Amino acid sequence: MAAGGLLWTFLSRFGQLLVQFIIGLILARWLGPNEYGLVAMLSLFLALANLFADGGFGKALIQKQETDDLDASSMFYFNLLAAAVCYGLIWLIAPSVSQFYQRVELTNLLRMLGIAVFASAFGTVQSCLMTKRLQFRSLLIANWIATLGSGTLGLVLAFQGFGAWSLIGQQVVLQALRSMVLWILSTWRPKMAFSGQRLLVLLPYGSRLFLANSIDAIFQHLYAAVIGKVYTAEEVGFYHRAHSLQQLPVGNYLTAVNQVSFPLLSRIKDQPSQVQRVIRKSISFGTMSIGFLMCFLVAAAEPLTEVLLGTKWLPSAPYLQILCISGIIIALQAVNESAFQALGHSDLVLRFHLIRKSVVAVLLALTIFHGVTAILWGQVVALVINFSVCGFYSHRLFGYGTWKQVCDAFPYLALSVFATVIGWLAVVSWPMNVFVELLIQTVVSVGVYVGLHFWLRMDSFREVIQVVGPQLKRFKFIRS
């Protein structure tokens, strides 16, 4: 169930992100690094506002074994109130943000972007209840419709010359459409009832998780904020575009882990052997999929950037290569954190986040004035240290520490490196058109990787075939 749910959520989410990514590629052709950099500078404030509007109660509602309408309704009204407060704060601080970055246009951009917080709050409870009940199909439908609708608006605005406003409008409509579709697909409706006592029950778990996620959001978007302050909006744009390319596979995988592993682990949290089994399968599958994609992006960063975005975005290619190394470690670490949350160890999540962010802060302080490349290599070092700490806690809780996780991940990672190196060698010595170069590199890398998995009969690959095979046969039968 874990592998199957994770696989299909991964593939479905990947399709949605792929559409979003294609829309982003078109926008990147029409817009420049400056416009993307301006919006990226504001991402920290939007992320914090969304977290504050949720208050950590979303994950707490999923994790709680028995919930009723009073729990959900209380959370719904809390979310709306918190979102309204957040938007008021955003409106007030917008001029100060603009002054901090010395970009006057940021005031109105941030005030418009803040509307997305309020729009998102209307669908938070529906999303949590669907996740708790493993109703992933409804969630994916909502995400697909929101992605297509908001992407279309963004393209129209960009074509009409609205610049950064097209990106802001896309974000606002994305959240509004998603909430609207969730309301249509969900059978749950809020009751005219509110219980502060019910929220207090969720508070111990939710508050620690909220603080941990807030710290995580600050540091996740801190790089764009720091680069924007110390360097230029263009540099932020290059970093943001490289990060977006990395997030297509990594963000997709993290979403799949949260949507599948978290509710599944919450159900079996009293069965340590089953918990370890699910984590091991998630580690193996994550390395098999994300490991290869990250290695391929490292090897093909320059031709891929030129083909997809154009030559004006080539300065982002070195950033993409370093971020993809980080992506492998992030994928491994995410499985452990999901397990900590699912088993109710929100205090451990908070403790780990404090340790992790302390390491990031030290390395960021050491590298901040040495260029963006140095900042990103500092991020890699920080992730290695933090993964070791995460593995230490996993060993204490599940008997599955850093060394065992690395041993499970290594065979898939080694095959990924080998296959992508062969693909790179196939084109590196031959001058050719960039499109042909990328095509040959892709075909050779994928062919070698899949062939090695068939030849060596790798466990996770065989399990994927067992899940996908019957579905493909069923699809052929339906078509015939």
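Values computed for the structure shown
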| quantity | calculated |
| --- | --- |
| Residue satisfying all of: in the stretch 147-169; under 22 Å from Ser127 (Cα atoms) and touching a residue at least 60 places away in the same chain (Cβ under 8 Å); most open to solvent (accessible area, probe 1.4 Å) among these | Leu148 |
| For Gly196: the one exception among (1) within 30 Å of Gly447 (Cβ to Cβ); (2) small (Gly, Ala, Ser); (3) more than 17 Å from the chain's Cα centre (by Cα); (4) modelled with pLDDT under 85 | (1) |
| First in the stretch 432-457 and outside any helix (DSSP H, G or I), second anywhere and modelled with pLDDT of 90 or more, Cβ under 8 Å, 6 or more apart | Met432/Ile440 |
| Qualifying residue in the stretch 328-347 (condition: under 30 Å from Glu437 (Cβ atoms), open to solvent by less than 20 Å² (accessible area, probe 1.4 Å) and without any contact (Cβ under 8 Å) to a residue 60 or more places away in the chain) | no |
| Complete set of residues in the stretch 377-403 that are touching a residue at least 60 places away in the same chain (Cβ under 8 Å) and either within 20 Å of the chain's Cα centre (by Cα) or surrounded by fewer than 16 Cβ atoms within 10 Å (Cβ to Cβ) (or both) | Gln379, Gly399 |
| Matching residues in the stretch 99-110 - criterion: being part of a helix (DSSP H, G or I) and surrounded by fewer than 20 Cβ atoms within 10 Å (Cβ to Cβ) | Gln99, Phe100, Tyr101, Thr107, Asn108 |
| Where Ala365 falls short, out of the listed (1) open to solvent by 20 Å² or more (accessible area, probe 1.4 Å); (2) under 28 Å from Val448 (Cα atoms) | (2) |
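The values are calculated or read from the model by the stated rules, or taken from the named source; none is laboratory data. Worth saying up front: this structure is predicted, and the values here are computed from it rather than measured. Cβ: placed from backbone, ideal geometry, glycine included. Neighbour counts: every protein chain shown. What goes into the accessible areas is simple: the full protein's heavy atoms, side chains included, and nothing from ligands, DNA or RNA. Shrake-Rupley method; radii C 1.70, N 1.55, O 1.52, S 1.80 Å.
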